[in-house]
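One structure below.
The values are calculated or read from the model by the stated rules, or taken from the named source; none is laboratory data. Not measured: the values here are computed from a predicted model. Positions of Cβ are backbone-derived with ideal geometry, glycine not excepted, and every protein chain shown enters the neighbour counts.
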Amino acid sequence: MRIDIITCLPRLLDSPFSHSILKRAQDKGLVEVVVHDLRDYSTDKQKSVDDYAFGGGAGMVLSIEPIDGCISKLKGEREYDEVIYMSPDGELLDQKMANRLSIGGNMIILCGHYKGVDERVREHLITKEVSIGDYVLSGGELGAAVLADSIIRLIPGVLSDETSALTDTFQDNLVAPPVYTRPADYKGLIVPEILLSGHEKKINDWRYEQSVERTKERRPGLLDD
Ligand code: ADE
(Lines give C-alpha, C1' and ligand atoms only; values in the text may rest on other atoms or scores of the structure.)
Protein backbone atom coordinates (compact mmCIF):
# COMPACT_ATOMS: atom_id res chain seq x y z
CA MET A 1 0.00 0.00 0.00
CA ARG A 2 1.14 3.51 -0.73
CA ILE A 3 -0.11 6.56 1.19
CA ASP A 4 0.62 9.98 -0.31
CA ILE A 5 0.01 12.92 2.01
CA ILE A 6 -0.32 16.41 0.53
CA THR A 7 0.33 19.31 2.89
CA CYS A 8 1.69 22.84 2.99
CA LEU A 9 3.50 21.97 6.27
CA PRO A 10 5.42 18.78 5.42
CA ARG A 11 7.77 19.05 8.40
CA LEU A 12 4.81 18.55 10.74
CA LEU A 13 4.70 14.96 9.48
CA ASP A 14 8.42 14.15 9.87
CA SER A 15 8.17 12.61 13.29
CA PRO A 16 5.04 10.42 13.26
CA PHE A 17 6.34 8.24 10.42
CA SER A 18 9.97 8.07 11.58
CA HIS A 19 9.59 5.95 14.71
CA SER A 20 8.39 2.66 16.09
CA ILE A 21 5.67 0.67 14.29
CA LEU A 22 5.09 3.12 11.43
CA LYS A 23 8.81 3.28 10.65
CA ARG A 24 9.21 -0.50 10.82
CA ALA A 25 6.20 -0.99 8.52
CA GLN A 26 7.95 1.17 5.92
CA ASP A 27 11.35 -0.45 6.47
CA LYS A 28 9.76 -3.87 5.89
CA GLY A 29 8.23 -2.59 2.63
CA LEU A 30 4.66 -3.17 3.86
CA VAL A 31 3.65 0.43 3.28
CA GLU A 32 5.17 3.44 1.56
CA VAL A 33 4.35 6.84 3.01
CA VAL A 34 5.29 9.84 0.85
CA VAL A 35 4.73 13.41 2.02
CA HIS A 36 4.35 16.11 -0.66
CA ASP A 37 4.88 19.81 -0.11
CA LEU A 38 2.00 21.65 -1.78
CA ARG A 39 4.35 24.59 -2.41
CA ASP A 40 6.26 22.46 -4.95
CA TYR A 41 3.11 22.59 -7.09
CA SER A 42 2.55 26.33 -6.87
CA THR A 43 2.79 28.05 -10.22
CA ASP A 44 3.56 31.58 -9.01
CA LYS A 45 6.87 33.17 -8.04
CA GLN A 46 5.99 33.53 -4.37
CA LYS A 47 5.18 29.80 -4.16
CA SER A 48 1.84 30.70 -2.65
CA VAL A 49 -0.75 27.97 -2.16
CA ASP A 50 -3.64 30.02 -0.78
CA ASP A 51 -5.62 33.15 -1.51
CA TYR A 52 -8.37 35.39 -0.09
CA ALA A 53 -11.90 34.01 -0.04
CA PHE A 54 -14.19 35.39 -2.76
CA GLY A 55 -16.87 37.48 -1.09
CA GLY A 56 -14.55 38.52 1.74
CA GLY A 57 -14.23 37.23 5.27
CA ALA A 58 -11.31 36.31 7.48
CA GLY A 59 -8.88 33.55 6.62
CA MET A 60 -7.09 32.22 3.59
CA VAL A 61 -8.33 29.40 1.41
CA LEU A 62 -6.10 26.75 -0.19
CA SER A 63 -6.26 27.16 -3.98
CA ILE A 64 -7.36 24.44 -6.37
CA GLU A 65 -4.42 24.85 -8.80
CA PRO A 66 -1.51 23.38 -6.79
CA ILE A 67 -3.76 20.70 -5.29
CA ASP A 68 -4.99 19.63 -8.71
CA GLY A 69 -1.39 19.70 -9.98
CA CYS A 70 -0.19 17.38 -7.23
CA ILE A 71 -3.16 14.98 -7.34
CA SER A 72 -3.05 14.78 -11.17
CA LYS A 73 0.66 14.00 -11.15
CA LEU A 74 0.19 11.22 -8.56
CA LYS A 75 -2.81 9.76 -10.40
CA GLY A 76 -0.76 9.71 -13.59
CA GLU A 77 1.80 7.51 -11.85
CA ARG A 78 -0.41 4.85 -10.17
CA GLU A 79 -3.96 3.89 -9.24
CA TYR A 80 -5.59 5.23 -6.08
CA ASP A 81 -8.66 3.82 -4.32
CA GLU A 82 -9.36 6.98 -2.34
CA VAL A 83 -8.47 10.66 -2.37
CA ILE A 84 -9.22 11.70 1.21
CA TYR A 85 -9.64 15.23 2.55
CA MET A 86 -9.12 15.72 6.30
CA SER A 87 -11.86 17.97 7.61
CA PRO A 88 -13.78 18.41 10.89
CA ASP A 89 -17.06 18.01 8.98
CA GLY A 90 -16.01 14.73 7.33
CA GLU A 91 -17.12 11.18 8.20
CA LEU A 92 -15.99 10.33 11.73
CA LEU A 93 -13.00 7.97 11.80
CA ASP A 94 -13.70 4.76 13.70
CA GLN A 95 -12.22 1.27 13.80
CA LYS A 96 -14.53 0.03 11.04
CA MET A 97 -13.32 2.75 8.69
CA ALA A 98 -9.69 1.96 9.54
CA ASN A 99 -10.32 -1.77 8.92
CA ARG A 100 -11.91 -1.05 5.53
CA LEU A 101 -9.14 1.28 4.40
CA SER A 102 -6.42 -1.13 5.57
CA ILE A 103 -7.59 -3.79 3.10
CA GLY A 104 -7.96 -1.30 0.26
CA GLY A 105 -5.36 0.05 -2.13
CA ASN A 106 -3.31 3.22 -2.37
CA MET A 107 -4.66 6.47 -1.01
CA ILE A 108 -3.97 10.18 -1.20
CA ILE A 109 -4.64 12.23 1.94
CA LEU A 110 -5.01 15.99 1.51
CA CYS A 111 -4.50 18.13 4.62
CA GLY A 112 -6.54 21.29 4.85
CA HIS A 113 -5.25 24.47 6.44
CA TYR A 114 -6.31 28.02 7.19
CA LYS A 115 -10.00 28.45 6.29
CA GLY A 116 -10.07 25.20 4.31
CA VAL A 117 -9.84 24.42 0.61
CA ASP A 118 -11.61 25.80 -2.42
CA GLU A 119 -14.94 23.96 -2.51
CA ARG A 120 -14.26 22.78 -6.08
CA VAL A 121 -11.48 20.55 -4.69
CA ARG A 122 -13.99 18.85 -2.40
CA GLU A 123 -16.57 18.51 -5.14
CA HIS A 124 -14.37 17.24 -7.96
CA LEU A 125 -11.05 15.86 -6.69
CA ILE A 126 -11.93 14.21 -3.36
CA THR A 127 -13.59 10.81 -2.95
CA LYS A 128 -13.91 10.76 0.85
CA GLU A 129 -13.79 13.31 3.70
CA VAL A 130 -12.60 12.18 7.12
CA SER A 131 -12.75 13.80 10.57
CA ILE A 132 -10.84 12.42 13.54
CA GLY A 133 -13.27 13.90 16.06
CA ASP A 134 -15.72 16.66 16.83
CA TYR A 135 -13.19 19.40 17.50
CA VAL A 136 -11.25 21.71 15.22
CA LEU A 137 -7.50 21.31 14.74
CA SER A 138 -5.23 23.94 13.20
CA GLY A 139 -4.84 21.81 10.11
CA GLY A 140 -5.32 18.33 8.73
CA GLU A 141 -1.75 17.09 9.35
CA LEU A 142 -2.24 15.61 12.81
CA GLY A 143 -5.51 14.07 11.64
CA ALA A 144 -3.74 12.56 8.62
CA ALA A 145 -1.11 11.03 10.93
CA VAL A 146 -3.84 9.56 13.15
CA LEU A 147 -5.73 8.16 10.15
CA ALA A 148 -2.56 6.68 8.59
CA ASP A 149 -1.49 5.14 11.92
CA SER A 150 -4.89 3.51 12.46
CA ILE A 151 -4.66 1.96 8.97
CA ILE A 152 -0.98 0.97 8.81
CA ARG A 153 -0.96 -1.02 12.07
CA LEU A 154 -3.72 -3.24 10.63
CA ILE A 155 -1.75 -4.24 7.53
CA PRO A 156 -0.77 -7.94 7.93
CA GLY A 157 2.83 -8.29 9.04
CA VAL A 158 3.08 -4.80 10.56
CA LEU A 159 2.45 -5.89 14.15
CA SER A 160 4.86 -8.57 15.31
CA ASP A 161 2.06 -10.66 16.82
CA GLU A 162 -0.55 -10.51 14.08
CA THR A 163 -3.37 -11.39 16.42
CA SER A 164 -2.74 -8.42 18.64
CA ALA A 165 -4.65 -6.02 16.36
CA LEU A 166 -7.62 -8.37 16.64
CA THR A 167 -7.80 -7.96 20.41
CA ASP A 168 -7.64 -4.17 20.26
CA THR A 169 -10.28 -2.04 21.86
CA PHE A 170 -13.17 -1.56 19.37
CA GLN A 171 -12.55 -4.75 17.39
CA ASP A 172 -15.77 -6.79 17.95
CA ASN A 173 -17.29 -3.62 19.46
CA LEU A 174 -15.65 -4.32 22.83
CA VAL A 175 -13.06 -2.33 24.74
CA ALA A 176 -9.86 -4.18 25.68
CA PRO A 177 -9.58 -6.03 29.02
CA PRO A 178 -7.15 -4.79 31.71
CA VAL A 179 -3.52 -5.95 31.47
CA TYR A 180 -0.82 -6.26 34.14
CA THR A 181 2.91 -6.94 34.28
CA ARG A 182 5.47 -7.73 36.99
CA PRO A 183 5.64 -7.36 39.91
CA ALA A 184 2.55 -9.43 40.80
CA ASP A 185 2.41 -7.59 44.13
CA TYR A 186 3.33 -3.89 44.14
CA LYS A 187 3.05 -2.39 47.60
CA GLY A 188 0.05 -4.62 48.27
CA LEU A 189 -1.61 -3.85 44.91
CA ILE A 190 -2.07 -7.33 43.56
CA VAL A 191 -2.68 -8.75 40.10
CA PRO A 192 -5.88 -10.84 39.67
CA GLU A 193 -5.05 -14.42 40.71
CA ILE A 194 -6.49 -15.95 37.53
CA LEU A 195 -3.81 -14.30 35.36
CA LEU A 196 -1.09 -16.10 37.34
CA SER A 197 -2.83 -19.49 37.08
CA GLY A 198 -1.37 -20.48 33.70
CA HIS A 199 -4.85 -21.79 32.75
CA GLU A 200 -5.27 -20.46 29.20
CA LYS A 201 -8.99 -21.16 28.75
CA LYS A 202 -9.91 -19.63 32.12
CA ILE A 203 -7.73 -16.59 31.39
CA ASN A 204 -9.37 -16.07 27.99
CA ASP A 205 -12.86 -16.40 29.54
CA TRP A 206 -11.91 -13.91 32.26
CA ARG A 207 -10.57 -11.45 29.69
CA TYR A 208 -13.74 -11.71 27.61
CA GLU A 209 -15.93 -11.12 30.69
CA GLN A 210 -13.81 -8.12 31.67
CA SER A 211 -14.14 -6.72 28.13
CA VAL A 212 -17.92 -7.04 28.23
CA GLU A 213 -18.15 -5.51 31.74
CA ARG A 214 -15.86 -2.62 30.80
CA THR A 215 -17.78 -1.95 27.61
CA LYS A 216 -21.07 -1.79 29.56
CA GLU A 217 -19.47 0.57 32.07
CA ARG A 218 -17.41 2.83 29.82
CA ARG A 219 -18.78 2.68 26.28
CA PRO A 220 -22.30 1.17 26.40
CA GLY A 221 -23.05 2.67 22.97
CA LEU A 222 -20.68 0.13 21.37
CA LEU A 223 -22.99 -2.73 22.42
CA ASP A 224 -25.90 -1.23 20.43
CA ASP A 225 -24.16 -1.90 17.09
N1 ADE B 1 -8.82 19.50 10.36
C2 ADE B 1 -9.22 20.33 11.35
N3 ADE B 1 -9.90 19.69 12.28
C4 ADE B 1 -9.96 18.38 11.90
C5 ADE B 1 -10.56 17.23 12.45
N6 ADE B 1 -11.23 17.25 13.61
N7 ADE B 1 -10.42 16.06 11.78
C8 ADE B 1 -9.76 16.03 10.60
N9 ADE B 1 -9.18 17.08 10.04
C10 ADE B 1 -9.28 18.26 10.67
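Observations on the model:
- Boolean, residue 172 is surrounded by 13 or more Cβ atoms within 10 Å (Cβ to Cβ), over 22 Å from residue 70 (Cα atoms) and without any contact (Cβ under 8 Å) to a residue 60 or more places away in the chain: yes
- Any hit, region 142-150, residues being surrounded by 16 or more Cβ atoms within 10 Å (Cβ to Cβ), of a type outside the set (Phe, Trp, Tyr), modelled with pLDDT under 95 and within 24 Å of residue 3 (Cβ to Cβ): no
- Only one entry of 67, 103, 84 meets the criterion of being more than 15 Å from the ligand (Cβ to nearest atom), touching a residue at least 60 places away in the same chain (Cβ under 8 Å) and among the β-branched types (Val, Ile, Thr), and that entry is 67.
- With respect to being farther than 30 Å from residue 58 by Cβ and surrounded by fewer than 19 Cβ atoms within 10 Å (Cβ to Cβ), residue 134 falls outside the description.
- Selected residue [part of a loop (DSSP other than H, G, I, E, B), within 16 Å of the ligand (Cβ to nearest atom), modelled with pLDDT of 95 or more and farther than 20 Å from residue 9 by Cβ] from 134, 89: 134
- Inter-residue pairs, beta-carbon under 6 Å, first at positive phi and assigned by TED's automatic domain parsing to the domain that holds residue 89 and in region 121-141, second near the ligand (Cβ under 6 Å from one of its atoms) and at pLDDT below 95, 6+ apart: none
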